[in-house]
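The structure appears below as structure tokens.
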Amino acid sequence: MKTLFGSIFLLFFSFTLWAQQQPLKNSNYYELRIYTAHPGKLQDLVSRFENHTRFLFEKAGMENIAYFLPTDPNENKLYYILGYPDVPSRDQMWQKFLNDPDWKKAYEESRKNGPLVQSIQEIYMVPAPGLNEKAISGTSGIFQLRTYTCFDNKLPDLEKRFRDHTQDLFAKQGLINYPYFQTVEKDGSQPKLVYLLGHADRAQFDQAFENFRNDPEWIKARDESEANGKIVEKVDAVFLKTLPFSPIK
């Protein structure tokens, strides 16, 4: 009996880990949402998500991908990523969610002492081609959300460099590659590359990233890829930590 129980537990654990390591298998369209909370309301907002919102998202058909808070205490924000089957489904699911009586009740009860959300930023995304083929190699205590703005027509060059070199060179230094996305720009402009990179803690992340930057293999790959001109115009980065209920860890 103990052996059977142990086998069942191991199977369940393995499936749970597999599901966590395959975060872009169930959706085709994604949304990064950044909520700026009113002063003193961030914890109330997190509690609403933990106790109500995330379950009601699932009820409406959305996929919870990840939930984060910035490590900077001055950043009064909640970051999260949702997945949808496609663009039309996204709008239909949100209407279903917003019209759900359970959501309306939770929303009004959470606002008895004032509104929680000051502003919302929405970033629409699709999986970056060829950059999500490998399973996530572990869990992390710290994440960095990185957004690359490329010079005109250079995004394919950047993605090729990541496929051929950068991802493996990150892993060489112990950095964990998480999902990679292309933004969907409503004005038709060139997409940005957005991805998550992780490590055990901030000190190890900083050291690993510095080792990556000084790696002769990286320097060679970077220089060869830029033979016809610079690729990346700007990089924006923010350190995040997952909330306990985040599917991605």
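In the range 202-249, the residue that is nearest to residue 146 (Cα to Cα) out of those that are among the small types (Gly, Ala, Ser) and free of Cβ contacts under 8 Å to residues at least 24 places away in the same chain is 203. Would you check which residues across the range 25-60 are over 15 Å from residue 116 (Cβ atoms), surrounded by fewer than 19 Cβ atoms within 10 Å (Cβ to Cβ) and either in contact with a strand residue (DSSP E or B) (Cβ under 8 Å, 6 or more places away or on another chain) or hydroxyl-bearing (Ser, Thr, Tyr) (or both) and list them? Selection gives 26, 28, 29, 58.
Here is the figure for the range 192-227: residues that are surrounded by fewer than 19 Cβ atoms within 10 Å (Cβ to Cβ) and closer than 17 Å to residue 127 by Cα total 0.
Among the residues of the range 108-158, which ones are of a type in the set (A, V, I, L, M), over 17 Å from the mean Cα position of the chain (by Cα) and buried (at least 19 other Cβ atoms within 10 Å of the Cβ)? Hits for the range 108-158 are 116, 155, 158. Among the candidates 109, 159, 185, the residue that is in the same structural domain as residue 60 (by TED's automatic domain parsing), more than 20 Å from residue 206 (Cα to Cα) and acidic (Asp, Glu) is uniquely 109. When the range 93-107 is examined, which residues are found to be closer than 17 Å to residue 48 by Cβ and either surrounded by fewer than 14 Cβ atoms within 10 Å (Cβ to Cβ) or of a type in the set (A, V, I, L, M, F, W, C) (or both)? Passing the criteria: 94, 97, 98, 101, 102, 103, 104, 105, 106.
Restricting attention to the range 51-75, the residues that are over 15 Å from residue 241 (Cβ atoms) and of a type outside the set (Phe, Trp, Tyr) add up to 13.
The values are calculated or read from the model by the stated rules, or taken from the named source; none is laboratory data. Everything numeric here is computed off the predicted structure, so don't read it as measured data. Don't worry about glycine lacking a Cβ; one is built from the backbone with ideal geometry, like all the others, and counts go over all protein chains shown.
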